[in-house]
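S.K.: So that we are looking at the same thing, I have put the structure below in structure tokens.
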Amino acid sequence: MQSYQSMTKEELIKEREEVQAQYKKYQKSELNLNMARGKPSLEQLDLSMGLMDVLGSRADLTCDDGTDCRNYGVLDGIQEAKVLLGDMIECHPDNIIIFGNSSLTIMYDTLSRSMTHGVMGNTPWCKLDKVKFLCPVPGYDRHFTMTEHFGIEMINVPILSTGPDMDIVEELVSSDEAIKGIWCVPKYSNPTGITYSDETVRRFARLKPAAKDFRIYWDNAYGVHHLYDLDQDNLVEILAECKRVGNPDMVYKFCSTSKISFPGSGVAAIAASPNNLVDIKEQLKNQTIGFDKVNQLRHVRFFEDIYGVTEHMKKHAEILRPKFEWILDRFDEEFGGREIGKWIRPKGGYFICFEAMEGCAKAIVSKAKKAGVVLTPAGAPFPYGKDPKDSVIRIAPTYPTLEDLKIATEVFITCVKLASLDKLIEHAELCEVF
């Protein structure tokens, strides 16, 4: 396969004519396909329909310790749910608080409490002149939008194949007291799909932040979302590592069952050190008497234990694996050797990250939309929606059917080729002028 980079201007123009003809065919097809968000498919949601049957009107809604889940109380969640989610994220139940259905809500509340009341006795962030967060990029757009919402300054940190560039993280965190946190999606990261290396996690645990209230926001959203039974990434458990090196209070670890059961009615939790949990509960008791214990019990009765979760996630993988493999195989076939894009083959998670030629991402997304395929907006995986190179595109393969996904993939491939050819022809013409 000839590289586009090595083609003459005439060859590029000829290639563009052929690709443009294919693109016009897609435009005439009146497609309406969406790969913008990482939503479970209908087939995946059907896997959890048993949740609706485990608690009938005659069910015993009493926990092992005698708690009646129908009534008030139990601020930090029922013990059975703590055990289940603790096993899922490799944390002791005593280090967990169970919240409502959304880990994003917990993250938002955590930022909000830090702004208004501070962290473990430190000055509330709203009273400081400047508050900053480190943002590994490309990263999760909703992390960045909520951070921006609170007026927190965001600083880009490049993501490497091993995780965030720790040389930069260590330097910034140790030298600037205004830096209060860093966002992390450590396993099957959104959107790159990489998992932090053992060394990266250990360097995180050994950070020496200038700010006493610095926290690592460890969003373990995809901890059990493997695509393969045997070929899986492993992640060092951050809370245990921090405790081992004398930094027990430095991490908030978030998780949920949002992409395991029902995204709209799952169970979410935060795991942290005893000191952090005391601080959180002290403020949480003013917000609620307790979260939905019936839903917590429903999940426990449905999954039973971590082995039930594991078997359930294998069913998810059977649905998702063909979708990921189809896209990635087609990228290999159509882009391999053309030098117009890079991508990573993840072993789990919900996304594929495509890095186009510099200056092409917005054009690709725009062309795809005009051909009937909606993608995540270019720039979304960066703070303020600004991709410095205009090159990263997040692809969400999960929601469409495999048949629709195949069509959307071909449209995407065509748009990448077209935008790349436009860029190269433009460059060739500029070279002629000068």
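Read-outs throughout are calculated quantities, based only on the coordinates presented, and are distinct from any laboratory measurement. This is a predicted model, so every value here is computed, not measured. Methodologically, a virtual Cβ is constructed for each residue, glycine included, from the backbone with ideal geometry; neighbour enumeration extends over all protein chains shown.
S.K.: Setting aside same-chain residues fewer than 8 positions from Lys212, which aspartates and glutamates have a Cα under 17 Å from its Cα?
M.R.: Correct list for Lys212: Asp129, Glu170, Glu171, Asp176, Glu177, Asp249, Asp279.
S.K.: Oh, and also: Step by step: find N for the chain, compute 2.2 N^0.38 Å, then divide the Cα radius of gyration by it. What's the final number?
M.R.: The value comes to 1.06.
S.K.: Kirkwood hydrodynamic radius, the range 4-51, all distinct C-alpha pairs: what's the number in Å?
M.R.: 14.8
S.K.: Counting C-alpha atoms alone, how compact is the range 284-430: give Rg to one decimal and Dmax as a whole number, in angstrom.
M.R.: 20.1, 67
S.K.: Report the charge-dipole magnitude of the range 1-95 in Debye, nearest 20, computed about the Cα centre from +1 at each Lys and Arg Cβ and -1 at each Asp and Glu Cβ.
M.R.: So the magnitude is around 900 debye.
S.K.: Next up: For the range 260-330 and the range 157-207, compute the distance between their C-alpha centroids and round to whole Å.
M.R.: Centre-to-centre distance over Cα atoms comes out at 24 Å.
S.K.: Kindly state, as a whole number, the per residue volume in cubic angstrom of the convex hull around the alpha carbon atoms of the range 216-315.
M.R.: Per-residue hull volume (Cα only) is 124 Å³.
S.K.: Which angle between 0 and 90 degrees, to the nearest 10, do you get for helix 402-433 versus the longest principal axis of the chain when only C-alpha atoms count?
M.R.: Approximately 50 degrees, to the nearest 10.
S.K.: Something else now. Provide the FRET efficiency to the nearest 0.05 for the Gln232-Leu128 pair, computing r from the beta carbons and using R0 = 45 Å. Numbers along the way, then the final one.
M.R.: Numbers: r = 42 Å, r/R0 = 0.93.
My answer for the efficiency is 0.60.
S.K.: Using a Gaussian network model on the chain with a 10 Å cutoff between Cα atoms, which of Ile13, Ile395, Ile152 fluctuates the most?
M.R.: Ile13
S.K.: Label-point separation (nm) for Ala21 and Glu311, each offset 7 Å from Cα along Cα-to-Cβ?
M.R.: Distance between the two pseudo-spin positions: 5.5 nm.
S.K.: If you don't mind, there's one more thing I want to ask. Any idea which of Asn286, Pro322, Pro346 is furthest toward the positive side of the dipole for the range 264-350, if Lys and Arg beta-carbons carry +1 and Asp and Glu beta-carbons -1?
M.R.: Asn286
S.K.: Here's a follow-up. Report the normalised scattering of the range 153-304 as log10 I(q)/I(0) at q = 0.18, 0.21 Å⁻¹, calculated by the Debye formula with identical scatterers on the alpha carbons.
M.R.: Summing over Cα pairs of the range 153-304 leads to -1.20, -1.41.
S.K.: Counting other Cβ atoms within 10 Å, keep those with at most 14, restrict to DSSP loop, and tell me which trypsin sites (Lys or Arg not before Pro) in the range 244-295 are left.
M.R.: Qualifying residues, ordered by number: Lys285.
S.K.: How much net charge surrounds Gly372 when only the other residues with a Cβ under 13 Å from the Cβ of Gly372 are counted, with Lys and Arg +1 and Asp and Glu -1?
M.R.: So the surrounding residues net to +3.
S.K.: Shifting gears a bit: Calculate one ³J(HN,Hα) per residue across the range 264-272 by plugging θ = phi - 60° into the Karplus curve 6.51 cos²θ - 1.76 cosθ + 1.60, and present them in order as whole Hz with x for glycine and proline.
M.R.: With the stated coefficients, the range 264-272 comes to x, 8, x, 10, 10, 8, 10, 10, 6 Hz.
S.K.: What are the residues whose amide H is under 5 Å from the amide H of Val137, where those residues sit 5 or more places off or on another chain and H is modelled from the backbone?
M.R.: Under 5 Å from the amide H of Val137 lie the amide H atoms of Val157, Ile159, each far enough along the sequence or on another chain.
S.K.: If one computes P(r) from the Cα atoms of the range 248-303, what percent of pairs lie at distances over 18 Å? Display every interim value, and only then the final one.
M.R.: Working: 704 of 1540 pairs.
Tail of P(r) above 18 Å: 46 percent of Cα pairs.
S.K.: Moving on. The range 368-425: percent of C-alpha pairs farther apart than 17 Å?
M.R.: More than 17 Å apart: 45 percent of the Cα pairs in the range 368-425.
S.K.: For Lys39 and Thr145, FRET efficiency with R0 = 25 Å and r from the beta-carbon atoms, rounded to 0.05?
M.R.: Plugging the Cβ-Cβ distance into 1/(1 + (r/R0)^6) gives 0.90.
S.K.: Among Leu230, Leu160, Leu405, determine the one that fluctuates most according to a GNM of the chain built with springs between C-alpha atoms less than 10 Å apart.
M.R.: Highest fluctuation among the options: Leu230.
S.K.: Rounded to the nearest 500, what is the chain's calculated 222 nm mean residue ellipticity when only DSSP H runs of at least 4 contribute -39500 (n - 2.57) each, over all residues?
M.R.: Result for the chain: -13500 deg cm²/dmol, rounded to the nearest 500.
S.K.: May I pose another question? Run the simple label-point estimate for Glu30 and Ser174 please: 7 Å along Cα→C-beta, distance reported in nm.
M.R.: 6.3
S.K.: Over the range 91-235, how many percent of alpha carbon pairs lie in each 10 Å bin up to the one with the longest distance?
M.R.: All Cα pairs, binned at 10 Å, distribute as 11, 40, 38, 11, 1 percent.
S.K.: Sticking with this structure for a sec: Quote to one decimal, in nm, the extra length available between Ile289 and Glu410 on full extension: 0.36 nm per residue of separation minus the C-alpha distance between them.
M.R.: Gain on extension, Ile289 to Glu410, equals 38.4 nm.
S.K.: In the P(r) worked out for the range 190-270, what percent of Cα pairs fall beyond 20 Å? List each step's numbers first, then the result.
M.R.: Details: 1345 of 3240 pairs.
Of all Cα-Cα distances in the range 190-270, 42 percent exceed 20 Å.
S.K.: Give the residues of the range 334-365 whose amide nitrogen is closer than 16 Å to a point set 7 Å from the Cα of Ala428 in the direction of its Cβ.
M.R.: 338-340
S.K.: Taking a virtual spin label 7 Å from the Cα of Asp198 along the C-beta vector, which residues in the range 220-246 bring their backbone nitrogen under 19 Å of it?
M.R.: 231-246, by backbone N distance to the label point.
S.K.: Roughly how tilted is helix 293-303, in degrees to the nearest 10 and between 0 and 90, from the longest Cα axis of the chain?
M.R.: Orientation of helix 293-303: about 60 degrees from the principal axis.
S.K.: Which value in nm describes the separation of the simple spin-label points at Asp94 and Thr8, placed 7 Å from the Cα toward the beta carbon?
M.R.: Modelled inter-label distance: 7.6 nm.
S.K.: Packing-wise, with mean Cβ within 10 Å as the measure, how do 44-53, 88-97, 322-331, 217-226 rank, highest first?
M.R.: 217-226, 88-97, 322-331, 44-53
S.K.: For the chain, set up a Gaussian network in which alpha carbons nearer than 10 Å are linked by springs, and say which option among Leu33, Leu12, Leu134 fluctuates the most.
M.R.: Among Leu33, Leu12, Leu134, the largest GNM mean-square fluctuation belongs to Leu12.
S.K.: Given charges of +1 on the Cβ of Lys and Arg and -1 on the Cβ of Asp and Glu, with all other atoms neutral, how large is the dipole of the range 276-434 about its Cα centre, in debye to the nearest 20?
M.R.: Magnitude of the dipole: close to 580 debye.
S.K.: For the chain, give the magnitude of the charge dipole about the Cα centre (Cβ charges: +1 Lys/Arg, -1 Asp/Glu; no others), in debye to the nearest 20.
M.R.: In total the dipole reaches around 840 debye.
S.K.: Follow-up. Please report, in whole Å, how far the alpha carbons of the range 84-123 spread along each principal axis, starting with the longest.
M.R.: 34, 21, 11
S.K.: Ok, one more. Suppose the chain between Asp329 and Lys369 were pulled fully straight at 0.36 nm per residue; how much longer would it get relative to their current alpha carbon spacing?
M.R.: Using 0.36 nm per residue and subtracting the Cα-Cα distance, I get 12.1 nm.
S.K.: Let me ask something else. Considering Cα pairs under 8 angstrom that are at least six residues apart, work out the relative contact order of the chain and quote it in whole percent.
M.R.: Relative contact order comes out at 26 percent.
S.K.: Provide the descending list of Cα extents for the range 1-129 along its principal axes, expressed in whole angstroms.
M.R.: Largest first, the range 1-129 extends 77, 53, 28 Å along its Cα principal axes.
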